[in-house]
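Chemist: Structure incoming, see below.
The values are calculated or read from the model by the stated rules, or taken from the named source; none is laboratory data. The structure presented is a predicted model; accordingly, all values stated were derived computationally and were not measured. Positions of Cβ are generated from backbone atoms using ideal geometry, with glycine treated the same way; all protein chains shown enter the neighbour counts.
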Amino acid sequence: MEMAAEKNVLVAMGEADKYREYRKGNWTLNETMILIQAKKMDYERRRMKEGDVGSSRPQEMRWKWVEDFCWRHGCYRSQNQCNDRWDNLMRDYKKVRAYEMSLTNSSAQGGSYPALSYWKLERIDRKERNLPSNLLPEIYEALTEVVQMRDKLGATATAAPARAVEEEKQQVADPEPVPLIASQLMTSIDSEDSQHSISPERKRKRGGGEGSSSRSNTTMELTSAISKCASIVAEALQTGEQKEELRHKDRISLEERKAKLEESKSQISIQSMDGLATAINKLASSILGLVTDRVQSLQK
């Protein structure tokens, strides 16, 4: 009965015609342990799926899985509640772990007097040291197991990229031999370059006139290419201007047709109203004539 009283939120589950009533209020020890077990199973499930190690799955889907696990084991909390509770647990866990590690380091360095462990401090002493006041040992141990599993999962996720980087470095260090076709191509290119570099020298030795003529031919070819490009650009600009002018004329003609259409509509409306008024007047005069004839007949 108390459990039912604390459930006051209805949420549709999706395809199945069911509703979930989420429990509100403080978390019990049993609910917290179920949540920690759910996170542990989630990490284990992701570790088994090697393709999901990179955490490409959305966070909402993962927390939905955690919620379903908790519901199967009697923890009736939503995925948002589970997420918030987990964040609070990890914040408290990190504070306690850092405090315990500082005690270990100070004792290893030979401190003047040993400080008390977190588990031996009173609640007021914990608050003075900015530590959580009510973290239980069983929760701390369970969180430690989950954190270790998460660290192993992260190491597995980074191992594959590291191996890929090492293989790439090895390939760079030991390059493969150049294929025969590529080497022949490079040889032919070098030979053509050498011929082009030698031919002007030979021409200069033969007389020097051919070198100046070749330079003038090159200048003429370059000038011709520039003039062709300029003509192409000018033609493109002229074509664009013509198209823009045609579009402008079409737009003006369309506006004129619209104006004529509106004017014809207004004229038709006026004519119809005039015709309707004329018909009403004729009908009124006919009715008046009938009434007059009827009155005269009655008077006779």
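Chemist: If you go through region 1-45 one residue at a time, how many are at pLDDT 50 or above and over 23 Å from M61 (Cα atoms)?
Modeler: The initial filter retains those residues of region 1-45 that are at pLDDT 50 or above, namely 18-45.
In the following step, the residues that additionally are over 23 Å from M61 (Cα atoms) were identified as 25-26, 28-30.
The qualifying residues number 5.
Chemist: While we're here: Tell me, yes or no, whether region 54-64 has at least one residue that is at pLDDT 90 or above and either loosely packed, with under 14 Cβ neighbours inside 10 Å or at negative phi (or both).
Modeler: Looking through region 54-64, at least one residue is at pLDDT 90 or above and either loosely packed, with under 14 Cβ neighbours inside 10 Å or at negative phi (or both).
Chemist: Could we say that S78 is at pLDDT below 85 and closer than 28 Å to L135 by Cβ here? Before you say what the answer is, go through the steps one by one.
Modeler: Working: at pLDDT below 85: no; closer than 28 Å to L135 by Cβ: yes.
No.
Chemist: Give me the pairs: first residue in region 248-265 and among the acidic types (D, E), second residue part of a helix (DSSP H, G or I), beta-carbon distance under 6 Å, and six or more apart or on different chains, which are they?
Modeler: Pairs that qualify, where the first residue is among the acidic types (D, E) and the partner is part of a helix (DSSP H, G or I): there are none.
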